1. Take the residues of region 50-75 that are acidic (Asp, Glu) and in contact with a helix residue (DSSP H, G or I) (Cβ under 9 Å, 6 or more places away or on another chain): which is modelled with the highest pLDDT?
2. Are there any pairs with C-beta distances below 8 angstrom linking a residue in region 49-69 that is without any contact (Cβ under 8 Å) to a residue 60 or more places away in the chain to a residue that is surrounded by 12 or more Cβ atoms within 10 Å (Cβ to Cβ) and acidic (Asp, Glu), with the two at least 6 apart or on different chains, and if so which?
3. So, Leu85, is that one under 16 Å from the mean Cα position of the chain (by Cα) and of a type outside the set (Gly, Ala, Ser) or not?
4. In region 29-41, which residues are more than 10 Å from Leu103 (Cα to Cα), surrounded by fewer than 12 Cβ atoms within 10 Å (Cβ to Cβ) and modelled with pLDDT of 95 or more?
5. Looking only at residues in region 1-27 that are of a type in the set (D, E, K, R) and touching a His at 6+ places or on another chain (Cβ under 9 Å), which one is nearest to Gly92 (Cα to Cα)?
6. Here are Thr82, Thr86, Thr67: which of them is part of a loop (DSSP other than H, G, I, E, B), closer than 27 Å to Glu7 by Cα and out of contact with any Lys or Arg (no Cβ under 6 Å at 6 or more places or on another chain)?
7. Could you say which residue among Arg11, Arg25 is loosely packed, with under 15 Cβ neighbours inside 10 Å and among the charged types (D, E, K, R)?
Amino acid sequence: MTLLDNEREIRKEIFKYFGYVEDWRILPFDDCRGLFWKLYSSNVAYASTEFDLANESGEMWLDEIYTNRHLPKHVYRGEDFTMILTDPHCDGNQFLSIFTNVLEVR
């Protein structure tokens with residue numbers, strides 16, 4: 001079961017990059033690195049193109065930032081990537097969504 005051992009080690013390395021300490025809930029990753037994104041007070045919007053994000057059209061999503069009282073924060077910024085705890089309010093899912101910093105729209 002080397003694959004399972006590798007999965008645990010890779011998760012630890014990703015968490016180390018972001019300074020995230022897993023606690024209470026074990027959340028899956030959502031790879032959003034190719035999407036344009038923007039933070040709002042309690043939400044993150046993301047889309048396939050910057051145009052769709054700016055015009056709230058096309059392939060665009062809006063997820064609530066998932067908060068958990070066991071965690072000190074819910075947005076973890078690294079040098080090149082940002083990890084945000086997200087709740088799309090679909091089927092009870094929550095994610096560790098990872099975005100590319102250069103695609104953030106401010």
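The values are calculated or read from the model by the stated rules, or taken from the named source; none is laboratory data. This is a predicted model, so every value here is computed, not measured. All Cβ positions, even for glycine, are placed from backbone atoms using ideal geometry, and neighbour counts span all protein chains on display.
1. Filtering first and then ranking leaves Glu50.
2. Listed by first residue and then by second, the contacts come to Gly58/Asp52; Glu59/Asp52; Met60/Asp52; Asp63/Asp87; Glu64/Asp87; Ile65/Asp87; Tyr66/Asp87.
3. In short, yes.
4. Asp31
5. Here the answer is Arg25.
6. Numbers: Thr82 fails: part of a loop (DSSP other than H, G, I, E, B); Thr86 fails: part of a loop (DSSP other than H, G, I, E, B).
Of Thr82, Thr86, Thr67, the one residue that is part of a loop (DSSP other than H, G, I, E, B), closer than 27 Å to Glu7 by Cα and out of contact with any Lys or Arg (no Cβ under 6 Å at 6 or more places or on another chain) is Thr67.
7. Arg25
So that you can scan it fast, the table gives a plain yes or no per residue for (1) in a loop (DSSP other than H, G, I, E, B); (2) of a type outside the set (Lys, Arg); (3) in contact with a strand residue (DSSP E or B) (Cβ under 8 Å, 6 or more places away or on another chain):
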residue	(1), (2), (3)
Leu27	yes, yes, yes
Asp30	no, yes, yes
Ser41	yes, yes, no
Leu53	no, yes, yes
Leu62	no, yes, yes
